[in-house]
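*Asks:* I have a structure I would like to understand better, so I am pasting it below and will then ask my questions one at a time.
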Amino acid sequence: MTLFEKIIARKIPADIVYEDDRTIAFRDVNPQAPTHVLVVPKQVIPRLDTAGEGDVAVLGHCMLVAGKVATQLGLGSYRVVINNGEDAGQTVFHLHLHILGGRKLGWPPG
Ligand code: DGP
């Protein structure tokens, strides 16, 4: 089981802010902004570059959920990030979208 599957199965506690049949969203345990939430597809896709045509619907759904959750949490401006691979900072190999907001965000990201 991936770490995020354990959260989905309620084997590990998390501050869940949204859930539907295909996704779950919860607050990041190590927040990098005042609001930092992860949107995770329940179906395990290890990395963005392992996703295929069969994942188009769930990936699109994750994007819509990210927008919905950001609005729900009162964010107007925010960033949605996917880290793909270790050098990009990916540490959990169960694809997820980071929603970061609540402060001014620098560009380019580090
Ligand atoms: P990434 O580095 O892109 O793979 O993002 C993984 C994120 O997952 C990282 O920001 C920290 C977060 N994280 C790791 N373990 C846990 C956990 O047990 N609970 C929660 N809520 N977040 C976690």
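*Asks:* Sequence neighbours fewer than 8 away in the same chain don't count; with that in mind, list the aspartates and glutamates whose C-alpha is under 14 Å from Lys6.
*Replies:* Of all the aspartates and glutamates, those that pass the test against Lys6 - Cα under 14 Å, at least 8 places apart if same chain - are Asp15.
*Asks:* Okay, moving on. Under the 0.36 nm per residue contour assumption, what length would be gained going from the current alpha-carbon distance of Asp87 and Leu48 to full extension?
*Replies:* 12.7 nm
*Asks:* With runs of 4+ DSSP H residues as the only contributors, calculate the mean residue ellipticity of the chain at 222 nm using -39,500 (n - 2.57) per run, divided by the residue total and rounded to the nearest 500.
*Replies:* Rounded to the nearest 500, it is -6500 deg cm²/dmol.
*Asks:* Connecting C-alpha atoms closer than 10 Å in a GNM of the chain, tell me which of Gly85, Gly67, Gly76 has the biggest fluctuation.
*Replies:* Gly76
*Asks:* With each pseudo-label sitting 7 Å past Cα toward Cβ, what's the Gln72-Arg22 distance in nm, one decimal?
*Replies:* 1.6 nm
*Asks:* While we're here: Leaving out same-chain residues fewer than 8 places away, which lysines sit with a Cα under 20 Å from that of Lys68?
*Replies:* The qualifying lysines are Lys42.
*Asks:* Something else now. If you stretched the chain out fully between Asp15 and Leu3, how much longer would it get, using 0.36 nm times the residue separation minus the C-alpha to C-alpha distance?
*Replies:* 2.9 nm
*Asks:* Return the inverse of the average 1/r over all pairs of distinct C-alpha atoms in the range 1-80, which is the Kirkwood hydrodynamic radius, in Å to one decimal.
*Replies:* Computed over Cα pairs of the range 1-80, the Kirkwood hydrodynamic radius comes out at 13.3 Å.
FYI, it's all coordinate maths here, none of it is from the lab. As the structure is a computational prediction, the values presented were derived from the model and not from experiment. With ideal geometry, Cβ positions are generated from the backbone for all residues, glycine too; neighbour counts draw on all protein chains shown.
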